[in-house]
Structure formats: C-alpha cells, structure tokens
Amino acid sequence: MTRIRQVRAYEILDSRGDPTVEATVELEDGSRGTAAVPSGASTGTHEAVELRDGDRHRFHGRGVLTAVAHVNTEIATCVRGMDAEDQAAVDQAMITLDGTANKARLGANATLAVSLAVAKAAASAHREPLYRYLGGAQSRLLPMPMINVVNGGAHADNPLDFQEFMIAPVAARSFGDAARIGSEVFHTLKRELAEAGENTNVGDEGGFAPDFRTADQALDHIVSAIEKAGYRPGGDVVVLLDPAASELFREGTYHYTGTDSVRSVEEHVEYLLTLIDAYPIVSIEDPVAQDDDEGWTQITTSAGAVCQLVGDDVFCTNPVLFGAGIRNGIGNSILLKPNQIGTVTETFDTAAMAARVGYTTVMSHRSGETEDTSIADLAVALGTGQIKTGSMSRSDRTAKYNRLLRIEAELGDHARYAGGSLLAAGTAR
Ligand SMILES: C=C(OP(=O)(O)O)C(=O)O
Ligand SMILES: [Mg+2]
C-alpha cells in the first residue's frame, strides 16, 4: 500500500524569486507528499551540489530544469515501486544512482525534494504528522527559536559585515510564549531603529538591514530593544550571531568592508571575544571561516566553555566533514541544513552523530526559502531543541514559526519547550 506509484517534479519560485525544485510523490494507496527545496546564498564550499542550469557565473534567475528533469526521468524510474516507509532504502537508491560524493550529477535539490516528499507521503499514509512519523511517539520537544532581527553580509545590501544577528527567548515557558516575546522585541527594535533615524527595510531573512558599519552598532540597538520591550538581556532574551565568516576570509585574513579594515586570525578571534564579553551573546555560528583551522582551534579553546560555537560552512551537515571536525575539536554544535547534504536519512545520520558526541544541534532554513515547513517537523522529530528560521516577518519565515505553533497546539499538555537548556549543554562539553 505504501509503494511509490508516481514521482513528479516542477519548477517553483523561492523567496528571492529564484527558481527551485518542488516534487510530489504519490503512493499506491493514493497518499501524497509534496516538498520544496530551499537555496543558500553564503554556501559552504563542500555542500552537496545544487544543480542549476546555464551560466555558472550567474546565480540569480538560473533555472533548475535539469534537476527537475532528473526527478521526472531517472529518479522516478529508480524509486517507483519502492516502499515509501523504507526511507533509508529510497535515499540510498538515489545516492547510488547519483554515483558522486556530493550529488553533483543528479543535484541535491532533486534528491532532497524527492526524499522529503517520500517522507511526507509515508506520513500521510500512516495518518500521522511528519514530525511523529519520522521521530516517533516521544517527539514532543519544541525548539527554542533563534529569531533573526538584523541582516548583513550576503543577505543584505548594507555595509554590515556580519550576516545574522539573532535573539532567543530562553526564559519563555513554551514555544508560543517564545514567539510572542520574539515578536515584541522585533517590533520594539523597529521603533528603536526608526527613532534613531535608521532605515527599517529588511534583508533576505526578514531581519532589519540598517546602514550599520559595525557589529557593535547592531548589538547596542538589539540590547536596547530587548530592555525597552520589558525583558532582561541575558536573563530572558539572549543574543546569537552568525558572522558567516567564510565570506570575510581571503588569503589568511579577515576583511571587514564596513570599516575598511583587515584583521589577522588572532585579531578576528580577539574581536569576537570582546563582543562575547560586552554583550549577552551565547551562541556564534561560523565565527571563523570554513578553512581556517587555526581560527577554529583558537575560538573553541578560548570561548567554547562559555559560548555555543555552531559549525555551518565547516560541517555542511555532512557526516564525513563533521567526523573530521569532531576529531579536531572544532566547535561544540552543528547546524543542520537538509539541502547541504541532500537526503532526509543523511540529515538524521548527522544529527545522531552529534547526539553521540555531545554536540548540540540547530535545525536551519536557507536564505532563499519557500512556504515548505518540513524543517519545523524535522526539528521536533529530531528533538534538536533549537531552530533558526529567520525573522518574525515574511511569510516564508513565519510559515515555519506557524507550523511549530500548530504542532505545539496539537501536542497540548504533552508539548515540551527546550528554552535555553541545550545552549548550556553545548558549552559544557
Ligand atoms: C542560513 C544561512 O544562509 P545561507 O542559506 O545563505 O547559507 C546561513 O549561513 O546560516
Ligand atoms: Mg550560517
């Protein structure tokens, strides 16, 4: 009954107006699952390949018709007749069919669309929500949201070098409470920026993109907004960063265009340490570049006991890269982006590895998103305890928050909220 009868893909648009892949899988019992794949802007060099058509030097507007065609021909032929309940077998069949180490032939956008659609179709056949189908009866932990409030770097046209400034309501009692607090601080920050004469336009992830030149400027306004909204910075609401430092790293040094300055690895790490001291920052993602081994060692040694250090570009949700990072003592947490690796099964494998070695996990969106809410369900299924899914504006971001609000309502008294507990678990390693 759960055999795959039909697989079909088509091109849709993401939140930047760029084409992306959506796939629908139909089972013999008529159950269906549909999934759309997001797209990154500041991508890690070792991510699974997002197949795009035409001019390799032009990203925006480039189609995904080849990836779509791969789903409709080779992948459909390969997985048709397979049991959708056997997610690992379906994913392995696509990995084998692709035949490369990074899904470069079929495209990770093709494989992930099918992988997620298969999971959704099987969940539907079981009449279960995706999070319970994938995670089981004890999937009750709602993640603490890392709410994006200021955008810079590759996600905005302002001079701010760091890509993401986020807040997390650690003292909230439930996910709903966290969303309410996040929204209050978000709106207070908008007023705060407007009163300071700054623009309140938003970047790719829906955070404000004022013309700041330094991280300190953004952090001062964020801390002030937390206070003005009636919360204690550090006590009720904490601050989190994603400098996306790979984007700043060239020939062994960090280039800060906002202040037209260059910092050595040591100076860059030292600067981050001063920010951790001066502001209620409890988590930094990609504090240094993906290939800056020395920087990773320095920051983990000096800040790993007090700050969650999340590997995004450096691990790419890839069990092999993550394994090497664990052996080298890099960071204490991993970002999980399913499209960095290209299947549901491999995303779960990487998350399981993190749990075994005591790294915290953060489920994550991409800067180019769709209305697909799978990552909300994956966060609950995996019990990651943390999710990064943008600001509290733009429906591509609120779709995930709203999905988590619905899951919390559905679980009722059985729902649990992670709060900041897992941040501490990461730093205690
Ligand atoms: C979400 C991110 O951005 P992108 O999707 O552009 O990689 C990130 O760097 O964590
Ligand atoms: Mg990142």
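Once phi is turned into θ = phi - 60°, what whole-Hz ³J(HN,Hα) does the Karplus curve with 6.51, -1.76 and 1.60 give for every residue of segment 278-295, x standing for Gly and Pro?
8, 10, x, 8, 10, 8, 10, 9, 6, x, 10, 6, 4, 10, 9, 4, 4, x
Give the lysines reachable from Lys400 as a straight Cα distance under 26 Å; neighbours fewer than 8 places away on the same chain don't count.
Here the lysines satisfying the reach criterion relative to Lys400 are Lys120, Lys190, Lys337, Lys388.
Cα centroids of segment 252-306 and segment 329-355: how far apart, whole angstrom?
23
Let me have the relative contact order for the chain, percent, based on Cα pairs under 8 Å that are six or more residues apart.
So the answer I get is 20 percent.
How would you rank 12-19, 293-300, highest first, on the average number of other Cβ atoms within 10 Å across their residues? Before the final figure, lay out each step's value.
Details: 12-19: 17.2, 293-300: 20.1.
The packing order, highest mean first, is 293-300, 12-19.
Using 0.36 nm per residue of separation minus the Cα-Cα distance, give me the extension gain between Ile12 and Phe59 in nm, one decimal.
15.3 nm
Rounded, prolate or oblate: which one fits segment 225-369, using the alpha carbon gyration tensor with axes a ≥ b ≥ c (rounded when a/c is under 1.5, else prolate when a/b beats b/c, else oblate)?
Here segment 225-369 falls in the oblate category.
Could I have the simple spin-label model distance between Ala101 and Ala278, label points 7 Å from Cα toward Cβ, reported in nm to one decimal?
4.2
Once you have a ≥ b ≥ c as the square roots of the Cα gyration tensor eigenvalues for segment 3-127, tell me rounded if a/c is under 1.5, and otherwise prolate or oblate according to whether a/b is larger than b/c. Could the numbers behind the result be given before it?
Working: a/c = 2.08, a/b = 1.64, b/c = 1.27.
Prolate.
How much accessible area per residue does segment 3-127 have, counting only protein heavy atoms and a probe of 1.4 Å, in square angstrom?
Here the residues of segment 3-127 average 41 Å² of exposed surface.
Of the residues Ala215, Ala137, Ala303, which exhibits the maximal mean-square fluctuation in a Gaussian network model of the chain defined by a 10 Å Cα contact cut-off?
Among Ala215, Ala137, Ala303, the largest mean-square fluctuation in the Gaussian network model of the chain belongs to Ala137.
Rank these residues by their accessible area, most exposed first, probe 1.4 Å: Thr274, Thr343, Thr257. Can you show the working numbers first?
Values: Thr274 65, Thr343 0, Thr257 100 Å².
Descending order: Thr257, Thr274, Thr343.
Which residue, Ala36, Ala379, Ala324, tops the fluctuation ranking in a GNM of the chain built on C-alpha contacts under 10 Å?
Most flexible of the set in this elastic network: Ala324.
Starting from the Cα of Asn402, step 7 Å along the direction of its Cβ; do the same at Glu371; then give the gap between the two resulting points in nm.
Simple spin-label model gives 0.8 nm for this pair.
Over the alpha carbons of the chain, what is the largest minus smallest coordinate on each principal axis, giving the biggest first in Å?
For the chain, the Cα spread along each principal axis is 58, 51, 41 Å.
Please find the FRET efficiency linking Asn328 to Glu267, where r is the Cβ-Cβ separation and R0 is fixed at 22 Å, and quote it to the nearest 0.05.
0.50
Would you please give the FRET efficiency between Ala93 and Ser174, computed as 1/(1 + (r/R0)^6) with r the Cβ-Cβ distance and R0 = 30 Å, to the nearest 0.05?
After rounding, the FRET efficiency stands at 0.15.
Give, in nm to one decimal, the length gained when the segment between Ala154 and Asn72 is fully stretched (0.36 nm per residue of separation minus the Cα-Cα distance).
26.2 nm
Roughly how many percent of the accessible protein surface of segment 141-417 is carbon and sulfur, given a 1.4 Å probe and a whole-percent answer? Let's see the in-between values first.
Values: 4360 of 9260 Å².
That fraction is 47 percent.
Which whole-angstrom value gives the distance between the alpha carbon centres of segment 365-424 and segment 184-239?
So the two Cα centres are separated by 22 Å.
Given a Förster radius of 45 Å and the C-beta distance between Val320 and Lys228 as r, what FRET efficiency does 1/(1 + (r/R0)^6) yield to the nearest 0.05?
0.45
The values are calculated or read from the model by the stated rules, or taken from the named source; none is laboratory data. Because the structure is a prediction, the values reported are computed rather than measured. Neighbour counts run over all protein chains shown; Cβ positions are idealised from the backbone, glycine included. Quick note on the areas: whole protein, heavy atoms, side chains included, nothing else; ligands and nucleic acids left out. Shrake-Rupley method; radii C 1.70, N 1.55, O 1.52, S 1.80 Å.
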